[in-house]
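What follows is a single structure, written as structure tokens, with notes after it.
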Amino acid sequence: MTPVEVTRGDGPVVLGLPHTGTWLPEDVRARMNARGRELRDTDWHIHRLYDGLLPGATTVRATFHRYVIDANRDPSGQSLYPGRNTTGLVPLTDFDGEPIWDEAPNAEEIEARRVAYHAPYHAALEAELERVRQRHGVAILYDCHSIRSHIPFLFDGTLPDFNIGTNMGATCAPAIESATREICERSECHTTTVNGRFKGGWTTRHYGRPAEGLHAIQMELAQSTYLTEEAPPWAFDAEKADGLRRLLASILESLADLAPFLGGKR
């Protein structure tokens, strides 16, 4: 299976989907324990949730699971959140702190996975961002994520519904963060935070260079906003998702409309 799927559009927005894949190479699956093979930390159904929301959007989607290697982690292995519980480039535990391997990969295998999976995903993402920037003068990366709303190992209490990350405003123009926040905050049935527990992963921080016409923003959705239950079988709730899709479409349309005012071509 190819490690990355790309759908090209002609608009200024690129959707990154690093954590929706569920593919495990057989040699990797064989070394995982039963808990690891449950794939509990998948961004379940996120590609379905965003499908078709913005005509002209480009999508770049990793097909491999984050337990193979995490496409949203620094390839050097440096932690995104020093001093806090998190998972690494190749996770040794799940988000609950429970081991996922019978035989954990060594440094040589991690490097082989980086070359085979992590690098092709980011080569494709970088190429699409550059193609879009050449066409429009700017490119806006919207990185799509979701997570269970209650994970004591990672954070206290219950996560807000919308978790917007811009690394404290460094990864995009202020108008992008403001437009996204304002649309989320208009929803009376959802909660919102900006640069809270999730400030943007490696992807957002790596590609977000506003001075160069590259803007990046991360949206981490609480899975309670669109799943029937945050537990197996991780069922998609169409009724919840319909309302959420309308709000997400508004965000993406707003970002696309901003592109000409960010130094892009009119």
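Since every read-out is calculated from the coordinates, none of them should be taken as a lab result. What you see is a predicted model, and the numbers here were worked out from it, not measured in a lab. Note that each Cβ is placed from the backbone with ideal geometry, even for glycine, and that neighbours are counted across all protein chains shown.
For the reader, a short list of remarks on this structure follows.
- Counted by neighbouring Cβ atoms within 10 Å, the residues F95, F236, F261 run from fewest to most as F261, F236, F95.
- The range 1-127 - Rg over Rh from alpha carbon coordinates, Kirkwood radius: 0.98
- Our estimate of slack between T228 and R186, defined as 0.36 nm per intervening residue step minus the Cα-Cα distance, is 12.8 nm.
- Here the residues W44, W234, W202, ranked from fewest to most Cβ neighbours within 10 Å of their Cβ, fall in the order W234, W202, W44.
- Two-decimal Rg to Rh for the range 66-173 - Kirkwood Rh, Cα set: 1.00
- Simple rule: put +1 on each Lys or Arg Cβ and -1 on each Asp or Glu Cβ in the range 124-200, find the dipole, and look at H136, C172, F162; the Cα lying farthest toward the positive end is H136.
- Long hydrophobic helices in the chain: the complete DSSP H runs spanning 18 Å or more by Cα along their own axis with mean Kyte-Doolittle hydropathy of at least -0.5 are 238-258.
- Sequence-ordered 3J(HN,Hα) estimates for the range 148-155 from the Karplus curve with 6.51, -1.76 and 1.60 and θ = phi - 60° stand at 4, 7, 9, 9, x, 5, 9, 7 Hz, glycine and proline given as x.
- Note that the range 17-32 has calculated 3J(HN,Hα) couplings of 10, x, 10, 8, x, 10, 6, 10, x, 4, 5, 6, 4, 5, 9, 8 Hz, one per residue in order, obtained from phi through the Karplus relation 6.51 cos²θ - 1.76 cosθ + 1.60 (θ = phi - 60°); glycine and proline are x.
- Residue-span extension gain [E126 to Q78] - 0.36 nm each, minus C-alpha spacing: 15.2 nm
- For the range 88-131, the convex hull spanned by the alpha carbon atoms encloses 79 Å³ per residue.
- Estimated from helices alone, the mean residue ellipticity of the chain at 222 nm is -8000 deg cm²/dmol (sum of -39500 (n - 2.57) over DSSP H runs with n ≥ 4, per residue).
- Taking the Kirkwood radius as Rh and the Cα radius of gyration as Rg, the range 147-266 has a ratio of Rg/Rh equal to 1.00.
- Distance distribution note for the chain: the fraction of Cα pairs above 30 angstrom is 24%.
- Cubic angstrom per residue, convex hull over Cα atoms of the range 165-209: 61 Å³
- For the range 1-56, taking Cα atoms only, Rg and Dmax work out to 14.5, 43 Å respectively.
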